[in-house]
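To start, the structure under review is shown below, and the notes come after it.
The values are calculated or read from the model by the stated rules, or taken from the named source; none is laboratory data. Just so we're clear, the structure is a prediction, and the values are computed from it rather than from any experiment. Methodologically, a virtual Cβ is constructed for each residue, glycine included, from the backbone with ideal geometry; neighbour enumeration extends over all protein chains shown.
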């Protein structure tokens, strides 16, 4: 029987680069078939180019509330008038099958998940400085000056919660940051819990 996989939460301020880090990990051949990105549920309408089940599971407010009433979410919240959540069905069956799961959620969502799953591994991605984060937000081209000010203020609040996280990655050099996230996943796979059964089998090959 395969040991259960681990659940990894990756959080960061908008523009710090967590989405890029996650994509690089998912594309790494080392993790092929053994790691899954959890697709969230939302009540908002799909945007052009978005596909149900890829960017989000797009559901009606009634469907979302039904999942809430059945304790079907590990975490859920409201943003800009729409509901978002991480469903148990997206996470727990894969972990039970020995697959690691990555969540891209904020500080509040991470707190909710840890209250339900204390062994979750929480990783916070920092930008190297306020100036770099501001430049990255401006480079996107679709953030207004007021939006950038709000995002920088939110970033300061979110980064102030780093003490609740197990690991911190400073995304200055992208390849180095990817290596750090990869190392965290690999280290968890080398844990005694994950290797207990195999280690005991090895010991049984030695005479008493």
For segment 158-174: of the residues being touching a residue at least 24 places away in the same chain (Cβ under 8 Å) and part of a helix (DSSP H, G or I), which is nearest to residue 121 (Cα to Cα)? 164
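Only one residue in 103, 74 is within 18 Å of residue 181 (Cβ to Cβ) and surrounded by 13 or more Cβ atoms within 10 Å (Cβ to Cβ). Which one?
103
Among the candidates 177, 187, single out the residue that is surrounded by 13 or more Cβ atoms within 10 Å (Cβ to Cβ) and either assigned to a helix (DSSP H, G or I) or touching a helix residue (DSSP H, G or I) at 6+ places or on another chain (Cβ under 7 Å) (or both). Break it down stepwise before answering.
Values: 187 fails: surrounded by 13 or more Cβ atoms within 10 Å (Cβ to Cβ).
On inspection, the qualifying residue turns out to be 177.
Could you tell me how many of the residues in segment 24-45 are outside any loop (DSSP other than H, G, I, E, B), over 13 Å from residue 105 (Cβ atoms) and either modelled with pLDDT under 95 or touching a strand residue (DSSP E or B) at 6+ places or on another chain (Cβ under 6 Å) (or both)? Explain how you work it out, then say what you get.
Here is the first cut: in segment 24-45, the residues outside any loop (DSSP other than H, G, I, E, B) are 24-26, 29-31, 35-37, 41-42.
Filter once more, keeping what is over 13 Å from residue 105 (Cβ atoms): 24-26, 29-31, 35-36.
Subset that is either modelled with pLDDT under 95 or touching a strand residue (DSSP E or B) at 6+ places or on another chain (Cβ under 6 Å) (or both): 26, 30, 35-36.
Adding up the residues that qualify gives 4.
If a residue counts only when it is more than 23 Å from residue 164 (Cβ to Cβ), which helices (runs of 4 or more DSSP H) contained entirely in segment 84-153 have at least 2 such residues? Walk me through how you get there before you give the answer.
Numbers: elements: 88-96, 107-116, 130-139.
Hits in segment 84-153: 88-96, 130-139.
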Within segment 22-40, considering residues that are more than 25 Å from residue 78 (Cα to Cα) and touching a helix residue (DSSP H, G or I) at 6+ places or on another chain (Cβ under 9 Å), the one surrounded by the fewest Cβ atoms within 10 Å (Cβ to Cβ): 30
Considering only residues that are out of contact with any helix residue (DSSP H, G or I) (no Cβ under 9 Å at 6 or more places or on another chain) and within 17 Å of residue 34 (Cβ to Cβ), which ones fall in segment 190-208? 190, 191, 193, 197, 198
